[in-house]
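To start, the structure under review is shown below, and the notes come after it.
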Amino acid sequence: MPVGTLIAIFDTTYETLRAENYFREAGVVFRPVLKPRKIGSACRMALQFDEEYLPSAKAAVDKGNLALKAFYRKDGEQWQKLD
């Protein structure tokens, strides 16, 4: 499977900022980005990272007990929610 671009969407900006610390601890290389408008959430931020880091990102979310809305994968110009 080719490596794609993913984003993590959290409930709030505060939760996204907390997630940055847990992602760093887990070794996830990420960058903060504005959340795509088509994705609903009160938070306007997201964390973008390469798909290869998904297992580490999931572990970081669990460790921090973070309020994750969802992970999304970039598919052309659309974002697809991961199950």
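Structural remarks
- Contact map, the range 6-18: first residue small (Gly, Ala, Ser), second residue surrounded by 17 or more Cβ atoms within 10 Å (Cβ to Cβ), Cβ cut-off under 7 Å, separation 6 or more or different chains; pairs are Ala8/Ala19; Ala8/Ala46; Ala8/Leu47; Ala8/Ala57; Ala8/Leu68; Ala8/Phe71.
- Candidate set from the range 25-46 (those that are in contact with a helix residue (DSSP H, G or I) (Cβ under 6 Å, 6 or more places away or on another chain) and among the aliphatic types (A, V, I, L, M)); member that is surrounded by the fewest Cβ atoms within 10 Å (Cβ to Cβ): Ala26
- Any chance Leu66 is of a type outside the set (Gly, Ala, Ser) and either part of a loop (DSSP other than H, G, I, E, B) or touching a strand residue (DSSP E or B) at 6+ places or on another chain (Cβ under 7 Å) (or both): yes
- Check on Gly64, out of contact with any Pro (no Cβ under 7 Å at 6 or more places or on another chain) and either touching a residue at least 24 places away in the same chain (Cβ under 8 Å) or surrounded by 19 or more Cβ atoms within 10 Å (Cβ to Cβ) (or both): yes
All of the numbers you see were taken from the coordinates with simple rules; none came from a lab. What you see is a predicted model, and the numbers here were worked out from it, not measured in a lab. Virtual Cβ from ideal backbone geometry, glycine too; neighbours counted across all protein chains shown.
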